[in-house]
Amino acid sequence: MSLHRINKVGVVGAGVMGTGIACHLASAGIDVLLVDIVPKDAPAFAAGDAKVKKARNAIAQGGLDRALVLKPAPIHRASEAARIRIGNLQDDLVELGACDWVVEAVTERLDIKNAVFSAIDTHRAPHTIVSSNTSGIPLAKMVEPRSEGFKKHFLITHFFNPVRYMKLVEIVAGEFTDPAIVQKMSKFCQDDLGKGVVDAKDTINFIANRIGVHDMMQAVNLVFGQGYRIDEVDALFGEPMGRPKSAVFRTADVVGLDTLGHVAQNCYDNLQSDPNRAIFDLHPVLKAMIAKGAIGQKVGAGFYRKVGADILVLDPAKQDYVPQQKADFPCLAAHGKVRDTGARIKAIAFSDDRGGKLAWDTLSRSLCYAANLLGEIADDVVSIDRAMRWGFNWQLGPFELWDALGVAAVVERLQGEGRAIPPAVQKLLASGKSSFYEGKQQTNFKLERLAVPALPGLHLADVRAAGKVVAENPSAQLLDLGDHVLCLAFRSKANALDDKIIEMGYKALELLDRGPWVGLVIGNDGGNFSVGANLGFIAQFASEGKWDELAGAVKMFQSLFMQLKYSHAPIVAAPHGMTFGGGCEIAMHSSRMQAAAETYFGLVEVGVGLIPGAGGTKELAVRALNGIDPVSRLDRTLALQKAFETIALAKVSTGAGNARELNFLRAEDAISFDGDQRIGHAKQKVLNLVSEGYRPAMAPDNLIMPGNEGIALFDFALYNFRCAGQASEHDCAIGHEVARVLCGGEGGGKKTEWDLLDLERESFLRLAGMQKTRDRVAHMLTTGKPLRN
């Protein structure tokens with residue numbers, strides 16, 4: 001195998017997938033050459049003519065331009081697009097062939113792909129790896145006419161869309177592919193691109209799309225054939241059944257009904273021997289929707305349609321959009337909030353109401369289908385499970401679900417219904433095994449037990465399984481990460497900060513003072529780092545008029561976070577996902593941060609009528625004024641403007657990449673491109689800081705604040721927003737309190753951090769006492785959505 005490191009990648013095809021791959025590579029620090037065909041009406045090549053070059057590169061440039069304005073963004077920071085150079089498939093073949101890796105992402109036609117590969121084969125450097133992003137064309141057909149060197153360096157790397165946000169990459173090797181090339185690409189995709197890599201076989205639609213689209217088409221047929229409503233199917237097959245919130249039909253709208261139809265049709269056309277082939281045949285209603293262009297979110301109408309502020313849902317019987325209705329499934333009311341995913345799905349699927357029947361009918365067919373494909377699409381169960389978790393965001397893969405429901409229990413029910421039992425399941429039970437997983441072992445297609453391949457990084461589930469729990473309460477744990485490093489892991493609902501988490505934070509500081517512990521990681525393995533403080537806790541104090549108790553609670557948060565900030569042992573926060581409110585504040589008070597690339601920071605308290613009260617307002621002020629000499633005449637209000645906008649407008653970073661622009665991340669903080677490695681990286685950062693003789697920074701005691709002058713300027717900006725109809729009276733009241741804290745109160749002048757914290761606490765309590773804030777808090781607790789009043 002060539003020892004060439006992958007530093008430059010050529011991407012052929014500037015459509016959605018090609019530009020998505022190019023943007024993700026650029027965010028990972030890789031130089032990219034993005035090429036597409038030359039427009040038919042382009043002028044002939046002329047060396048050194050910039051105008052001609054621009055015209056000949058227009059298709060690739062247009063594709064990139066369209067990608068860079070997409071939301072959510074395919075790239076972490078706009079500046080990273082500078083790593084992408086534009087070219088075309090005629091003038092840039094020599095440069096393309098010299099790339100370390102060339103990935104093809106053109107339209108799904110074998111003749112077009114073969115033309116691309118022929119050109120690459122002619123110019124390919126001996127070390128260059130070539131791959132296709134195809135999801136439907138067999139690898140063997142693509143390499144058949146190619147050279148021996150090309151065949152050895154060719155494989156399929158199937159990314160999922162959107163590339164930045166979907167973790168899965170399915171890698172398919174061919175008969176002639178050098179195993180060392182497969183190993184190199186797997187490592188690169190995993191370590192450099194932060195992807196979850198699964199080895200798939202050269203079968204139609206590989207693993208995730210084969211099972212996932214089968215599952216979605218079942219739901220389509222249930223709606224169109226058995227009278228279920230689209231919105232009630234989505235209500236059940238979202239989070240209650242361990243699927244993403246977008247469930248089935250919202251997911252189809254996001255992906256595009258045309259894309260879904262293409263994948264399903266590809267299965268139907270090519271899986272001639274699949275007993276379940278008929279499920280992939282597009283229902284006439286779905287065909288009609290695609291034909292008339294109602295293909296989902298990208299055109300504004302699919303299974304759902306937004307009309308004004310309302311989102312309507314398609315009624316298949318009326319062939320029109322109607323208001324959504326709440327799903328009336330007793331199984332959801334009884335079991336929908338069970339926290340353990342497997343237990344929740346089992347309880348719902350074994351319920352005897354209409355919702356339970358829907359869950360069982362769909363889930364059991366998916367489980368049987370996956371079991372029948374074991375050995376055909378992948379050699380072991382963990383590959384299939386990981387593909388579904390990473391590619392379709394299922395919380396549990398199909399074989400994990402077999403085990404959660406109980407293999408014997410599922411078989412008994414299937415037999416009672418006179419349904420066939422997959423041979424793999426029959427053989428599993430006949431061999432004396434009762435599950436597909438046992439401890440850290442899984443099952444392959446020969447029904448042999450073998451080790452579950454370890455994933456990179458340090459995983460808290462493994463730490464717990466090893467009995468390394470130092471202390472715990474209902475909301476948090478202290479875990480021993482090894483090498484005398486502790487981890488404070490939240491485990492409350494949505495990881496909302498409450499008194500128990502604060503209690504465990506103080507316990508961690510106590511242990512750090514006693515030794516032998518040398519440092520602390522703050523991180524967890526929930527869906528999000530933390531959505532903020534427990535609003536119910538605040539609402540209860542406010543409704544009962546317990547203002548002294550609320551003030552004491554807020555000060556307890558502030559005190560803990562300040563002790564974390566100035567601890568003599570290094571404390572590294574490892575946030576991921578939503579890191580809002582109090583979650584953002586605790587992370588900001590750590591010695592360092594090791595954030596997952598997909599971390600969304602935000603001090604969003606204004607949405608519930610409050611200001612950040614646990615040090616967030618103070619900390620943004622301190623960061624804004626950092627480095628300004630106390631005797632400088634620099635306008636402090638101007639320096640504080642970004643902090644004011646960030647809090648008053650509840651700005652949320654679009655990822656860790658642009659969190660520095662909002663001052664949530666500092667220059668010394670780091671990002672884990674593979675978010676699953678953030679805990680391990682954070683632990684290593686703790687150890688590095690210890691070895692460097694870490695000492696906390698000195699607390700600033702000479703912050704010069706603008707006082708009334710700054711408050712007046714911010715109030716004037718709020719007044720303009722109010723006059724323009726962009727802010728309510730209460731928004732302005734909240735904004736005034738933000739300004740008051742940031743500017744050091746009416747008097748301003750020299751302030752300490754604790755002076756600002758006292759102001760912060762006063763403003764927080766004043767707002768908490770206002771009825772309109774109470775209404776916002778109550779609305780958020782009831783609906784999960786902010787109230788503008």
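Below is a table of values for the structure above.
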{"read-out": "Flag if T128 is within 16 Å of G18 (Cβ to Cβ), among the polar types (S, T, N, Q) and within 35 Å of the chain's Cα centre (by Cα)", "value": "no"}
{"read-out": "Hits in the range 546-569 (condition: small (G, A, S), in a helix (DSSP H, G or I) and over 22 Å from I647 (Cα atoms))", "value": "G552"}
{"read-out": "Selection within the range 206-253 - assigned to a helix (DSSP H, G or I), closer than 15 Å to G391 by Cβ and among the basic types (K, R)", "value": "R210"}
{"read-out": "Among residues of the range 451-506, those that are in a helix (DSSP H, G or I), within 22 Å of the chain's Cα centre (by Cα) and among the aliphatic types (A, V, I, L, M), counted", "value": "3"}
{"read-out": "R660, sole failed condition from (1) free of Cβ contacts under 8 Å to residues at least 24 places away in the same chain; (2) more than 30 Å from M166 (Cβ to Cβ); (3) basic (K, R)", "value": "(2)"}
{"read-out": "Subset of the range 204-247 [open to solvent by 10 Å² or more (accessible area, probe 1.4 Å), at pLDDT 95 or above and among the β-branched types (V, I, T)]", "value": "none"}
{"read-out": "Any hit, the range 353-364, residues being free of Cβ contacts under 8 Å to residues at least 60 places away in the same chain and under 25 Å from R449 (Cα atoms)", "value": "yes"}
{"read-out": "Considering residues of the range 21-57 that are touching a strand residue (DSSP E or B) at 6+ places or on another chain (Cβ under 9 Å) and of a type in the set (G, A, S) only, the residue farthest from W101 (Cα to Cα)", "value": "A42"}
{"read-out": "Within the range 722-762, tally of residues that are open to solvent by 30 Å² or more (accessible area, probe 1.4 Å), within 15 Å of N702 (Cα to Cα) and assigned to a helix (DSSP H, G or I)", "value": "2"}
{"read-out": "Selected residue (only one of K152, K141 is surrounded by fewer than 23 Cβ atoms within 10 Å (Cβ to Cβ), under 24 Å from V263 (Cβ atoms) and among the basic types (K, R))", "value": "K141"}
{"read-out": "Residue in the range 369-378 that is open to solvent by less than 60 Å² (accessible area, probe 1.4 Å) and within 27 Å of D191 (Cβ to Cβ) present", "value": "yes"}
{"read-out": "In the range 169-203, the residues that are part of a loop (DSSP other than H, G, I, E, B) and either among the small types (G, A, S) or open to solvent by less than 40 Å² (accessible area, probe 1.4 Å) (or both)", "value": "G174, T177, L193, G194, K195, A200, T203"}
{"read-out": "Which listed residue, of G725, G784, G745, G710, is of a type in the set (G, A, S) and touching a residue at least 60 places away in the same chain (Cβ under 8 Å)", "value": "G710"}
{"read-out": "Options N524, N528; residue that is open to solvent by 20 Å² or more (accessible area, probe 1.4 Å), in contact (Cβ under 8 Å) with a residue 24 or more places away in the chain and part of a loop (DSSP other than H, G, I, E, B)", "value": "N528"}
{"read-out": "Given (1) under 26 Å from V163 (Cα atoms); (2) in contact (Cβ under 8 Å) with a residue 12 or more places away in the chain; (3) under 24 Å from the mean Cα position of the chain (by Cα), number of the condition G300 does not satisfy", "value": "(2)"}
{"read-out": "V38 vs. criteria among the β-branched types (V, I, T), modelled with pLDDT of 95 or more, buried (at least 20 other Cβ atoms within 10 Å of the Cβ) and under 14 Å from L89 (Cα atoms)", "value": "yes"}
{"read-out": "Identity of the residue in the range 408-441, of a type in the set (S, T, N, Q) and assigned to a loop (DSSP other than H, G, I, E, B), that ends up surrounded by the most Cβ atoms within 10 Å (Cβ to Cβ)", "value": "S435"}
{"read-out": "Near pairs, Cβ below 7 angstrom, 6+ apart or cross-chain, from the range 243-260 (over 16 Å from T362 (Cβ atoms) and touching a residue at least 24 places away in the same chain (Cβ under 8 Å)) to any residue that is charged (D, E, K, R) and surrounded by fewer than 22 Cβ atoms within 10 Å (Cβ to Cβ)", "value": "G256/K298"}
{"read-out": "Residue in the range 639-653 that is farther than 19 Å from C732 by Cα and either in contact with a strand residue (DSSP E or B) (Cβ under 6 Å, 6 or more places away or on another chain) or modelled with pLDDT of 95 or more (or both) present", "value": "yes"}
{"read-out": "Residues of the range 767-789 that turn out to be in contact with an Asp or Glu (Cβ under 7 Å, 6 or more places away or on another chain) and in a helix (DSSP H, G or I), as a count", "value": "1"}
{"read-out": "Residues that are open to solvent by 40 Å² or more (accessible area, probe 1.4 Å), within 30 Å of T654 (Cα to Cα), outside any loop (DSSP other than H, G, I, E, B) and not hydrophobic (A, V, I, L, M, F, W, C), drawn from the range 42-80", "value": "Q61, D65, R66, S79"}
{"read-out": "Complete set of residues in the range 97-111 that are more than 23 Å from V169 (Cα to Cα) and surrounded by fewer than 16 Cβ atoms within 10 Å (Cβ to Cβ)", "value": "D111"}
{"read-out": "Residue match in the range 81-92 (condition: open to solvent by 20 Å² or more (accessible area, probe 1.4 Å), closer than 29 Å to N658 by Cα and of a type in the set (D, E, K, R))", "value": "yes"}
{"read-out": "G693 being open to solvent by less than 60 Å² (accessible area, probe 1.4 Å), on the phi > 0 side of the Ramachandran plot, in contact with a Leu (Cβ under 6 Å, 6 or more places away or on another chain) and not in a helix (DSSP H, G or I)", "value": "no"}
{"read-out": "Residue satisfying all of: in the range 1-50; over 23 Å from H76 (Cβ atoms) and small (G, A, S); nearest to the chain's Cα centre (by Cα) among these", "value": "S2"}
{"read-out": "Strands (runs of 3 or more DSSP E) wholly inside the range 570-666 that include at least 2 residues being of a type in the set (S, T, Y) and within 19 Å of G526 (Cβ to Cβ)", "value": "599-602"}
{"read-out": "Hits in the range 763-779 (condition: of a type in the set (S, T, N, Q) and open to solvent by less than 40 Å² (accessible area, probe 1.4 Å))", "value": "S763, T773"}
{"read-out": "Qualifying residue in the range 274-293 (condition: of a type in the set (D, E), closer than 22 Å to L367 by Cβ, open to solvent by less than 50 Å² (accessible area, probe 1.4 Å) and not in a strand (DSSP E or B))", "value": "yes"}
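Condition check ((1) at pLDDT below 95; (2) buried (at least 17 other Cβ atoms within 10 Å of the Cβ)) across all residues:
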{"site": "K306", "(1), (2)": "yes, no"}
{"site": "P316", "(1), (2)": "yes, yes"}
{"site": "I348", "(1), (2)": "no, yes"}
{"site": "L363", "(1), (2)": "no, yes"}
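The values are calculated or read from the model by the stated rules, or taken from the named source; none is laboratory data. Bear in mind the structure is a predicted one, so any value in this text is a computation, not a measurement. Neighbour counts are summed over all protein chains in view; Cβ atoms, including those assigned to glycine, are modelled from backbone coordinates with ideal geometry. With ligands, DNA and RNA removed, areas are computed over all heavy atoms of the protein, side chains included. Shrake-Rupley method; radii C 1.70, N 1.55, O 1.52, S 1.80 Å.
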